[in-house]
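Down below is the structure, laid out as structure tokens.
The numbers here are math on the coordinates, done by the rules we state, and not lab data. Worth saying up front: this structure is predicted, and the values here are computed from it rather than measured. FYI the Cβ positions are ideal-geometry reconstructions off the backbone, even for glycines, and counts take in every protein chain you see.
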């Protein structure tokens, strides 16, 4: 999938709905005071990066894909810094950013525990991770037997494995939530989404946040 095709998916009715729901859930986990510095790890084409910048945050996007970063720079009309780099070796000093976010990117990083450790290392305050949920209807449809389409080769996370990794790091106030319970995006799916609490564990988007210990 090209950067143009990936970004265009978010302009489709289903893609826009999923993107909006995911962004709203992730945003609720952040400290959103204007001027807070934020790193978006695995920013790709910058769809979420641009929305975070529009909310007033001082955003840097990082990705290993140079073509995706070129596309992101062309689409960004705000002062966003884009850096090419590896999530497992973030090119920043310790505690460089007030907050760090990563949205469905670590699912495609083989050594994702190391990437989480790197995210915690460069965070001053809070990190928020959006991941694919192993315990979801989307996994049943797209994740089994190595995955289908854009999900091919993705790792689908569970709360238990994430907690086992995070508890070894200097992190406190760990919080889990989910969204996208019925990923079809139909009118019925949207009604169900609005009625169910994000505390339920079965949404396709699994979010974990935590504060770096002082």
- Item | Residues 128, 41, sorted so that the one with the fewest Cβ neighbours within 10 Å comes first | 128, 41
- What is the P(r) of region 92-134, as percent of Cα-Cα pairs per 10 Å bin from 0? 30, 54, 15, 1
- Task: Distance between Cα centroids, region 174-200 to region 11-74: provide it in whole Å.
- Result: 20
- So what is the calculated 222 nm ellipticity per residue for the chain, using -39500 (n - 2.57) for each DSSP H run with n of 4 or more, over all residues, to the nearest 500 deg cm²/dmol? -9500 deg cm²/dmol
- Mean separation of Cα contacts under 8 Å, 6 or more apart, over the residue count of region 92-200: relative contact order %: 23
- Shape metrics for region 13-134, restricted to C-alpha atoms - Rg then Dmax, Å: 13.2, 40
- Task: Please report Rg over Rh for region 3-212, where both radii come from the alpha carbon positions and Rh follows the Kirkwood definition.
- Result: 0.93
- Message: At a threshold of 8 angstrom on Cα-Cα distance, excluding pairs fewer than six apart, so keeping six or more, what relative contact order does the chain reach in percent?
- Response: 20
